[in-house]
Amino acid sequence: MTKRERERFDTIFEDVLESLPESIHALLDDAPVVLEDRAPRKVLEELGIEPEDDDLCGLHTGVPLTQRSVNDHGVLPDVIHLFREGIVAHAGGWEEGEDEEGPYGGEERIREEIRITLLHEIGHHFGLDEDDLERLGYA
């Protein structure tokens, strides 16, 4: 990802973040968001994802709130990771286009994919699994 694409993505991310309700902002105090171009190779290996097939958009690391105990101490804080390249790829790229499956790409689709990915990972922070998130429309 070029510096210009990274800055463009980060600007869209900031717009998405500002558009979310204040209650969501409060949640991010407990699980900050880290933007990265792509997931580290070691993380992909741990998840069983081949690096050449990497389209990972986000990842929640830490212990979901529903699994915490008063005995938990000395644990690393939760972090929500968003991966720029996976999100852009999943949205269809920077340029808008259309094929036999319909329209793809462009800033609005990237904006929506950022929003969905962020809410998806916040859901994991609260203990929701993939089925729960799919029912909510965040998968």
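A few comments on the model shown:
- Contact map, region 40-53: residues that are among the aliphatic types (A, V, I, L, M) paired with residues that are in a helix (DSSP H, G or I), Cβ distance under 6 Å, separation 6+ or inter-chain. Pairs shown: L44/P51.
- Note on region 104-117: among residues that are in contact with a Gly (Cβ under 7 Å, 6 or more places away or on another chain) and in a helix (DSSP H, G or I), the one that is surrounded by the most Cβ atoms within 10 Å (Cβ to Cβ) is T117.
- Some residue of region 37-55 being in a strand (DSSP E or B), at pLDDT 85 or above and closer than 24 Å to P77 by Cβ: no
- Contact annotation: residue pairs with Cβ atoms under 8 Å, 6 or more positions apart or on different chains, pairing a residue in region 76-95 that is more than 11 Å from L35 (Cα to Cα) with a partner that is in a helix (DSSP H, G or I) and among the basic types (K, R), are A91/R109; G92/R109; W94/R8.
- Among the residues of region 3-23, just one is assigned to a loop (DSSP other than H, G, I, E, B) and touching a helix residue (DSSP H, G or I) at 6+ places or on another chain (Cβ under 9 Å), namely L20.
- Taking region 118-134 as the range and being hydrophobic (A, V, I, L, M, F, W, C) and part of a helix (DSSP H, G or I) as the test, the residues that pass are L118, L119, I122, L133.
- Residue tally, condition closer than 17 Å to E121 by Cβ and out of contact with any strand residue (DSSP E or B) (no Cβ under 8 Å at 6 or more places or on another chain), over region 2-13: 1
The values are calculated or read from the model by the stated rules, or taken from the named source; none is laboratory data. Please read all numbers here as calculations on a predicted model, not as lab measurements. FYI the Cβ positions are ideal-geometry reconstructions off the backbone, even for glycines, and counts take in every protein chain you see.
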